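Q: Right, I'll just put the structure down here and ask away after.
The values are calculated or read from the model by the stated rules, or taken from the named source; none is laboratory data. Because the structure is predicted, anything quoted here is derived from the model rather than measured. Cβ: placed from backbone, ideal geometry, glycine included. Neighbour counts: every protein chain shown. Only protein heavy atoms, including side chains, enter the accessible area calculation; ligands, DNA and RNA are left aside. Shrake-Rupley method; radii C 1.70, N 1.55, O 1.52, S 1.80 Å.
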Amino acid sequence: MNNNDELAARKSVIITGSNRGLGLEIARAACKENYFYYGISKWNDLDVSDCFSLTEFFSNLNETEHVLFPSAIINNAGVCIPGNILEFKQDHFSSQFETNVLGVLNCSQLYTQLCIKNKIPGKIINIASTAGMSARPGRSIYAATKAAVINLSLSMAQELKEYGIKVYCLCPGAFDSDLRRAIAPDDNFEKMLKPSEIAKFIMDKIIKDEGSFLDNQIIYIRR
């Protein structure tokens, strides 16, 4: 098999926030399954809240010869700035909503346009959180962003059915991360869900498989 044949045999995904944490683990899991991944992160000067730079990125995907069109996008990039309502600051609100919600909307819209133009039956995988399902004192703005991602995902799933594009909303429970260690340092991290387990779930159950039984649902991932 020559290099072109080998390239053609591979699949690809787009991962936002791929430079660290859960996003990096998803990238590793993708590589283990012989998927090529396109990373979107501030590490390579791509901000999910900056529609201009994202538009250029997706245009290059659409115009480059022999490109591996991505079969899925994983909207993982996220920001959490702890603080209760008495500590509320406008910039804390803006930065979290711009990344966590507007970022999902920007990337999903541009990916959907790419899929429709190239007749790709794509998959959109939005990483929300169980924080969006109940009260989170001390993280109220973050929780609100994740609630928005959940509702946005369910609405998108209905809107994109006619194009054969599936939308999944994953809501992990508490898992071992830098953020969790900062906000809850007394947790038992030995027994906690690991980012690598979430990443493996995404590859095994959603990207590799059709996952028809998981369509249009909120998918909880927790121990």
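Q: With the requirement that a residue be of a type in the set (K, R) and part of a loop (DSSP other than H, G, I, E, B), what does the stretch 103-152 give you?
A: Once the filter is applied, which keeps residues that are of a type in the set (K, R) and part of a loop (DSSP other than H, G, I, E, B), the stretch 103-152 yields K119, R136.
Q: In the stretch 172-215, which residues are open to solvent by less than 30 Å² (accessible area, probe 1.4 Å), over 30 Å from K117 (Cα atoms) and outside any loop (DSSP other than H, G, I, E, B)?
A: P172, L193, P195, I198
Q: Please go through the stretch 90-130 and give me each residue that is in contact (Cβ under 8 Å) with a residue 60 or more places away in the chain and surrounded by fewer than 20 Cβ atoms within 10 Å (Cβ to Cβ), ordered by number.
A: Residue satisfying the conditions is T130 alone.
Q: May I ask you to list the residues in the stretch 40-90 that are hydroxyl-bearing (S, T, Y), touching a Leu at 6+ places or on another chain (Cβ under 6 Å) and under 19 Å from S153 (Cβ atoms)?
A: S49, the sole residue that qualifies.
Q: Quick one: in the stretch 144-159, of everything that is in contact with a strand residue (DSSP E or B) (Cβ under 8 Å, 6 or more places away or on another chain) and among the aliphatic types (A, V, I, L, M), which residue is surrounded by the most Cβ atoms within 10 Å (Cβ to Cβ)?
A: V149
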